[in-house]
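Everything on this sheet refers to the single structure shown next.
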Amino acid sequence: MGRFILRRTGVLILTALCLTFIVFLLTNLYPNLEKLAKSEGNFRMADHEVATFLSNNGYRSALDPDFLAKVRSGQATDEEIEAGINTGFDARIFRNYGEWLGIVPGYVIEGTDGTTRARCATPGMDIADAPSFCGILQGYWGWSTVFKDEAGSIIGTRLALTGKLMFWVMLLMVPSALIIGVLAGMREGSATDRSLSTVSITTTATPEYVSGVLFIAVFASSAVGLKWFKGTATSAMDNATFENFFLPVLTIALYGMGYIARMTRASMAEVMTAHYVRTARLKGVSFRNIVLKHALRNALIAPFTVIMLQFPWLLNGVVIVETLFNYKGFGWVLVQAAGNNDIELLMGVSVVSVFVVLVTQLISDIGYVYLNPRISVT
Amino acid sequence: MEKLTWTGSLGAVLDPIFMILVPVFLTVIILRVVLSFFEPDVGIQPNPDGTANATGGIWGLTRTGSNWLGLAMLVLLLAYLVIGAVMGTGAGIIGGISQQFLPVWIALIATFAVSIRYKTRLGLYGKLFDSVIGMIGFALVMFWVYTALFTGLFDLVSTHDPLSQVSSMKNKVPGTPVARADEGTYPYYLLGGDNLARDVFSRMVKGSLVVMAIAPLATLFAFMVGITLGLPAGYYGGKLDTFLSFLANLILAFPVILLFYLLVTPEIVAAGLPQYMAVVLFFFPLVFMAVLIHSRYRTQPKKNYTWLAITLIPMFLIYAASINADGSKITFWPLDFFDIPGGILVVFVSVVFVNSPTVFRIVRGLAMDIKTRDYVSAAQTRGERPWYIMLWEILPNARGPLIVDFCLRIGYTTILLGTLGFFGLGLPPESPDWGTTINDGRRLLSIYLHPALVPAIALLSLVLGLNLLADGLREQSIRD
């Protein structure tokens, strides 16, 4: 077991490194950096100004000084400028990634404009005081260019808000999904089974942006709706009440619920045809006791894995629902960071989400082995 | 002209019946479900002498009751649609819509009549018509297929142009007559106008075309990629399997929305990344077909080359033309006889990319299971090549679960397309696809419901249909 966990953790770290590097590579593509430079500097920058901005701020390698002097004096033709600026692959990306991880010392660059910038010096800090390493390993998540704040603290506060949302989602989704699944699976083919299965198929076919729209229309619309709940959850960030928080929670929970319920149903139906259930029935055990004492525990092994593997999907739902209900949590930050190419914030967001996915996968594997003694890892 | 009501003159007769029938039906259904907790629902039980016993008492009563009431509901709904299709807008909004869908109804009825008539000869497809769930699902799916077909080919179902704006029709409720309608234009906005004064009904109908053009094809491509990589991974195992599974898990660990944002932003599209991905992903169908044919006819060179030429030359032409686009990073191919609009290609590639690892995992699992069977050992003993065994022994025997997953996956792809539209990624903002329209409509959702509600229900019905169809197919293929 120990070796299994160790090996899986190794694969997990390798996967996380690969994924974060892919995100890093994509966010650091030249067109993205150009957009960043123009939004940070000004929108009428010439090509060589963009390139010097990027090299001064440590995103790309420095330009050739002779070339720069030639361009500045206005002697270079357009073709020469185009040829002189590298817009393709830049090997500096590996160093930048190392800096972001915290295994390579952060850059200290004396820019062509005379000022010296250092990666580890947050705005307002003296460069001489800045530490030489600053990356994820040192606990520094970088600087958000959109929110003008430390990425780590933004992710922390937003994650807490989403944690609140997820807590209620789990509290609603898991018990109701299990109850629906067990009720449907204990008598396969009965009226209960058929109606509950129809309900769960319908909820799996309803993505969050459809159910959210339907719920707002029915329960929150000021035109014709019932006006039981609020259509936005902005006020739920400080003060969550049933009125402003129930709709987003229900919207996320419903999509995952159908899937878990169907898995539980299948597992329950399988257990109900097992020999030991037949034996119990022939012994004259009441149906109620068969379900509660003989079948239930064995039927809940499979749903455990499914619930754990639902986390990546829930993350998706969180992004949609937070956008739809204007709840400024983790999903909302993801949209903001990705939409504005806020590199370090986006890196932080992807680290968190990738780790959530991988750790839940690990837990589901270990839990499955632990719960089901027939499976062995060796 | 007057504003249309929902049911028009039909309403006077049918609405009261409807109003009584719905609550009664729901009560009986709930009663039946509650009762089934207390006594097993045994249904009809045959006696040894050939007679049958139906469930008696209140259980039997609710059972019969709900069946008949369900039938009555169905008849009533059909009455709304059939009479509506004849009367047109005289029967209100529902009548008008039903009349616009007339070609779809005819095609649906014809499909069902032919299929049910010959169902014994149609294999798994025919068996679908033995299960009610499967038939409902099939009807919903075919409804949208025919809608897309008729509106795409003949411009039949929709009433207005999906992009034209009629002033003073902004955010108008369903059934509003078009102001100053010219001769020849449809006199009503059947499902109202959106916040740019466009017809919601026509946009919903045209949106089905976008979904139907992308979702099944993208799923097919994802299956080609997944099958071509999953079969060897499952069959050979070892290092190849470890490597490919690691790659698949890598993509699967990505949050889908983050991946979409990274792939679909205009800057990345300008960098040509989706196009390079298309070069790789679109190549898999060619590889698949080449290996499929070659492994079969390896020993008959003449037949082999004929078939390879017949399939691969057109496929290669389409491949080259689809990855090649003027003014982008890839412009080498002279015979570029069509261009995929930029947005569509990006969306298509990212959807294929997201779906293929899951297909890979399914195919790999199936291949690992099936390779232990006797007929595979027999083929190995005969001295068949590995690719022949994979494609002509393992793959046909894995078709049941793959067909079911194909249906489910089209539904999932539809949801993904909607997600892309919902975040305004990829497709142009005026595109009538359902995700984009939901995104447009949600901003004013608390005041004007219909612009977001109509595409939401359309998307829901299509995905639900695909899920029910998959369920019916699964039921029938297990029974097989």
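Below, the figures for the structure above:
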quantity	calculated
Identity of the residue in region A:279-299, surrounded by 19 or more Cβ atoms within 10 Å (Cβ to Cβ) and closer than 16 Å to A:I179 by Cβ, that ends up farthest from the other protein chains (Cβ to nearest Cβ)	A:A299
Qualifying residue in region B:147-155 (condition: in a loop (DSSP other than H, G, I, E, B) and modelled with pLDDT of 85 or more)	yes
Subset of region A:41-61 [within 24 Å of A:L101 (Cα to Cα) and surrounded by fewer than 16 Cβ atoms within 10 Å (Cβ to Cβ)]	A:S61
Selected residue (only one of B:I313, B:I268 is away from every other protein chain (no Cβ under 12 Å) and either out of contact with any His (no Cβ under 6 Å at 6 or more places or on another chain) or under 30 Å from A:G317 (Cα atoms) (or both))	B:I313
Subset tally (residues that are closer than 30 Å to B:E267 by Cα, of a type in the set (A, V, I, L, M) and part of a helix (DSSP H, G or I)) for region B:292-328	5
Residue in region B:408-431 that is free of Cβ contacts under 8 Å to residues at least 12 places away in the same chain and touching a helix residue (DSSP H, G or I) at 6+ places or on another chain (Cβ under 6 Å) present	no
Index of the failed condition, A:T203 passing every other in (1) within 14 Å of another protein chain (Cβ to nearest Cβ); (2) free of Cβ contacts under 8 Å to residues at least 60 places away in the same chain; (3) outside any helix (DSSP H, G or I)	(3)
Condition met for A:M186 (at negative phi, facing another protein chain (nearest Cβ under 10 Å) and touching a residue at least 60 places away in the same chain (Cβ under 8 Å))	yes
Number of positions in region B:456-468 that are of a type in the set (A, V, I, L, M), surrounded by fewer than 24 Cβ atoms within 10 Å (Cβ to Cβ) and more than 7 Å from chain A (Cβ to nearest Cβ)	2
Yes/no for A:V356 being at pLDDT 85 or above, surrounded by fewer than 24 Cβ atoms within 10 Å (Cβ to Cβ), part of a helix (DSSP H, G or I) and in the same structural domain as A:I252 (by TED's automatic domain parsing)	yes
Search result, residues across region B:327-354 that are crowded, with 23+ Cβ neighbours inside 10 Å and not hydroxyl-bearing (S, T, Y)	B:V346, B:V347, B:F348, B:V349, B:V351, B:V352, B:F353
Helices (runs of 4 or more DSSP H) wholly inside region B:361-455 that include at least 2 residues being more than 19 Å from the chain's Cα centre (by Cα) and either of a type outside the set (K, R) or more than 9 Å from chain A (Cβ to nearest Cβ) (or both)	B:374-382, B:434-442
Test result for B:D471, under 30 Å from B:I136 (Cα atoms), of a type in the set (D, E, K, R), surrounded by 22 or more Cβ atoms within 10 Å (Cβ to Cβ) and within 11 Å of another protein chain (Cβ to nearest Cβ)	yes
Test for A:Y276: is it surrounded by fewer than 20 Cβ atoms within 10 Å (Cβ to Cβ) and not in a loop (DSSP other than H, G, I, E, B)	yes
Residue check for B:F254: part of a loop (DSSP other than H, G, I, E, B), within 12 Å of chain A (Cβ to nearest Cβ) and buried (at least 18 other Cβ atoms within 10 Å of the Cβ)	yes
Residue within region A:176-197 that is in a helix (DSSP H, G or I), at pLDDT 90 or above and surrounded by fewer than 16 Cβ atoms within 10 Å (Cβ to Cβ) present	yes
Test: residue in region B:175-186 that is more than 30 Å from B:L445 (Cβ to Cβ), over 19 Å from the mean Cα position of the chain (by Cα) and crowded, with 19+ Cβ neighbours inside 10 Å	no
Which numbered condition B:Y146 misses (of (1) within 27 Å of B:W6 (Cβ to Cβ); (2) buried (at least 24 other Cβ atoms within 10 Å of the Cβ); (3) under 16 Å from the mean Cα position of the chain (by Cα))	(2)
Residue within region B:194-217 that is within 12 Å of chain A (Cβ to nearest Cβ), at negative phi, buried (at least 22 other Cβ atoms within 10 Å of the Cβ) and not small (G, A, S) present	no
Yes/no for A:G152 being closer than 18 Å to A:E322 by Cβ, assigned to a helix (DSSP H, G or I) and more than 14 Å from chain B (Cβ to nearest Cβ)	no
Test: residue in region A:300-309 that is part of a helix (DSSP H, G or I), within 14 Å of chain B (Cβ to nearest Cβ) and either touching a Phe, Trp or Tyr at 6+ places or on another chain (Cβ under 6 Å) or of a type in the set (A, V, I, L, M) (or both)	yes
A:E79 vs. criteria within 21 Å of A:L346 (Cα to Cα) and modelled with pLDDT under 80	no
Candidate set from region B:84-136 (those that are surrounded by fewer than 16 Cβ atoms within 10 Å (Cβ to Cβ) and of a type in the set (S, T, N, Q)); member that is farthest from B:E2 (Cα to Cα)	B:T120
Residues of region B:176-197 satisfying the condition of being touching a helix residue (DSSP H, G or I) at 6+ places or on another chain (Cβ under 9 Å) and either assigned by TED's automatic domain parsing to the domain that holds B:A458 or within 21 Å of B:T151 (Cα to Cα) (or both)	B:Y186, B:P187, B:Y188, B:Y189, B:L190, B:L191, B:G192, B:G193, B:D194
Tally, over region B:257-291, of residues that are in contact with a Pro (Cβ under 7 Å, 6 or more places away or on another chain) and either outside any helix (DSSP H, G or I) or modelled with pLDDT of 95 or more (or both)	1
1 or more residues in contact with a Ser or Thr (Cβ under 7 Å, 6 or more places away or on another chain) and within 14 Å of chain B (Cβ to nearest Cβ): qualifying helices (runs of 4 or more DSSP H) within region A:1-116	A:2-27, A:30-40
All positions within region B:385-397 that are without any contact (Cβ under 8 Å) to a residue 12 or more places away in the chain and over 26 Å from B:S477 (Cβ atoms)	none
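Yes/no matrix, rows are residues, columns are (1) outside the structural domain of A:I103 (by TED's automatic domain parsing); (2) not β-branched (V, I, T):
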residue: A:C134; (1), (2): no, yes
residue: A:Q138; (1), (2): no, yes
residue: A:T157; (1), (2): yes, no
residue: A:L161; (1), (2): yes, yes
residue: A:L178; (1), (2): yes, yes
residue: A:V182; (1), (2): yes, no
residue: A:T203; (1), (2): yes, no
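The values are calculated or read from the model by the stated rules, or taken from the named source; none is laboratory data. Given the structure is predicted, the values throughout are model-derived calculations rather than measurements. Note that we place each Cβ from the backbone using ideal geometry, even for glycine, and neighbour counts take in every protein chain shown.
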